[in-house]
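Let me begin by presenting the structure, written as C-alpha cells, before commenting on it.
The values are calculated or read from the model by the stated rules, or taken from the named source; none is laboratory data. Model, not experiment: these values are computed from the prediction. Ideal geometry is used to build each Cβ from the backbone, glycine not excepted, and the neighbour counts take in all protein chains shown.
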C-alpha cells in the first residue's frame, strides 16, 4: 500500500497542500481531479520519487516499480519506434538493444577480425534474451503500438521522424511495456484518437497494475476508475465510485455542508444575542460565561468552496441559406493512396455532422477541402450564399501573437467591443481576473485552444468546422463549450475523439469506414448515440 501522510507543500507563496493524506491500495484504479494548478502533477512527482513534501511523508513499499507517463516527452532518436518502446523494459530492454548493436556489428566489414568474439557474444545475449521472454516482449510491443494507432511501417521506422503527438504515444507504450506495479498517467488521452482511446480503456481495465491518473475524458474516467481523489483547497478528499458518482456526491456533500453551516450560524447568532443581552446581568453571569466557553470550543463550519463558472451569452449567428456546403464528385489522392473517389456530401442548415474514421481515413483532409485550405484533385466544393465559415484546427493556434496579452489579443481582434465584455468572455473560458494580462507565449496548449475558441465564438459564424476542438480542454471548459454550442442553430462539421462532445452535439454521422465499404462512406441521419446503437460500435471497427 502506498500512502501520503499529512503532507504539506508550497512553492513560494503558493500553498498546494496542508496536512493532506490519502492511501493507494494494491490494484486500485484512482482518478485524481482538481482545477488547473491545484497540484495534480506535484502528487505524481511525489509518488514517483521525483519530489518530496515539505512536511509529512510518502510511503512506497520496497521493490515496488512505478511507471510515470507525463506530458513532456524526452528526446527520441537513433532507434526504430519498436526499439524505443522496448527500451523502458528493464533488463530485457537492455538485451534487446545489445542484440541490435551486435547484429549491426556482424554486418560491419571493419569488424571482421573480431567476428568470432561478436558471434559468441551474440549467442550468449540471445540465449539470455530468449529466457527472459524477449521475443514475447517484441510481439507484445507490436501489439501495444498497433493498439495506439501505429502502422507497421511506423513501428519499424525511425522514431526521430515522428511528430510530437506520435512520440507521446511511443512514450506511453514504453511505460505500458515496462509493466510496472504502479502506473501514473497524466492525461493519457490527449494525443489519442477515439480508436486508440478505446483500446487503452480495455488495456487498463484488464491490467493488474495499480493506477493513478488524471484525465479530461469523462467517459474514459467512468469506465476505468473505482475511486476519485479530489484536490480541494489544499486537502485530498476521497470519493468511492466513478467520475459521475463523484460529481453527484460532491454536490450532495456541498448541499449538506451548506445546510449545516446555516444551522450553525443560526445557533451562533442566537447564543451571541443571549450573551449580549445578559452580559451586564449579575443573575445571569454564570450562564453567560458558560455560553461564552461553549462558543469558544465550537469548531465552526466553513462554507463549501465553489468554483465560480462565468456564464457568457453567445450571440446568435446570422441565418444562412438551406444548403450550407455541397461537395460533388470529389477525388483526392496522396501519391498512390486514394482517400476519396467520387465522394459527395450536402450539409444543410441545422445539421451537425461528426466525421468518424480511423487514422488516415481522410477526416482532416475532408475538413480542409470544405474550408478551402486544400483543393480536391477533381470535383467541386460549393459554399452556400450567406454562409460565414469558422475553421478551428490545431494550426489555428499559430494566428495568436505570442508577445500580446490575452486581453490585448481580443481588443486587437474586436476593437468595437467593450473591455467588460471581453473580460467576461475570457472568464467563461477559465481566464479569470488578472489572468487576462498573461502573455500568450506563457500559455499551455490547452489555454491557447481555449483562447482561439473564445475568439471564434464571440461573433460566431453560421458554419463551424472544428478539427479536434477539445484537445487539452479540461472537463469544465469542455462541458461549457458543449452547452454553448448546444444552442447553436447554424451548421457544424467536426472531428472529435471525445464521446461526450460527439453525443452532445452531433445529429448526423459520416462514417468514412463503415463495416460494408463496398458503397463507400456511410451517411447516418442520426447523432453519435443513435449511430452507436445502430452499429454496435463506438468507433469504426471497434465494437462495444
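Assorted remarks:
- Those residues of the range 32-47 which are out of contact with any helix residue (DSSP H, G or I) (no Cβ under 9 Å at 6 or more places or on another chain) and assigned to a loop (DSSP other than H, G, I, E, B), in sequence order: 37, 38, 39
- With respect to (1) part of a strand (DSSP E or B); (2) within 28 Å of residue 477 (Cβ to Cβ), the lone exception for residue 489 is condition (1).
- Residue match in the range 101-124 (condition: under 30 Å from residue 195 (Cβ atoms) and part of a helix (DSSP H, G or I)): no
- Every residue from the range 191-238 that is surrounded by fewer than 19 Cβ atoms within 10 Å (Cβ to Cβ), touching a residue at least 24 places away in the same chain (Cβ under 8 Å) and closer than 21 Å to residue 540 by Cβ: 203
- Filtered residues of the range 9-23 (kept if in a strand (DSSP E or B) and farther than 11 Å from residue 235 by Cβ): 9, 10, 11, 14, 15, 23
- Within the range 178-212, being in a helix (DSSP H, G or I), more than 21 Å from residue 138 (Cβ to Cβ) and touching a helix residue (DSSP H, G or I) at 6+ places or on another chain (Cβ under 8 Å) holds for 194, 197, 201, 204, 205.
- Within the range 408-437, tally of residues that are in a loop (DSSP other than H, G, I, E, B), within 23 Å of the chain's Cα centre (by Cα) and farther than 22 Å from residue 488 by Cα: 2
- Residue check, residue 497 outside the structural domain of residue 190 (by TED's automatic domain parsing), in contact with a strand residue (DSSP E or B) (Cβ under 9 Å, 6 or more places away or on another chain) and in a loop (DSSP other than H, G, I, E, B): yes
- In the range 48-86, the residues that are in a loop (DSSP other than H, G, I, E, B), surrounded by fewer than 16 Cβ atoms within 10 Å (Cβ to Cβ) and modelled with pLDDT of 85 or more: 49, 50, 51, 52, 54, 61, 62, 63, 64, 65
- Yes/no for residue 186 being outside the structural domain of residue 43 (by TED's automatic domain parsing) and in contact (Cβ under 8 Å) with a residue 40 or more places away in the chain: no
- For the range 164-177, the condition holds for no residue, the condition being that it is in a loop (DSSP other than H, G, I, E, B), crowded, with 19+ Cβ neighbours inside 10 Å and either in contact (Cβ under 8 Å) with a residue 24 or more places away in the chain or more than 16 Å from the chain's Cα centre (by Cα) (or both).
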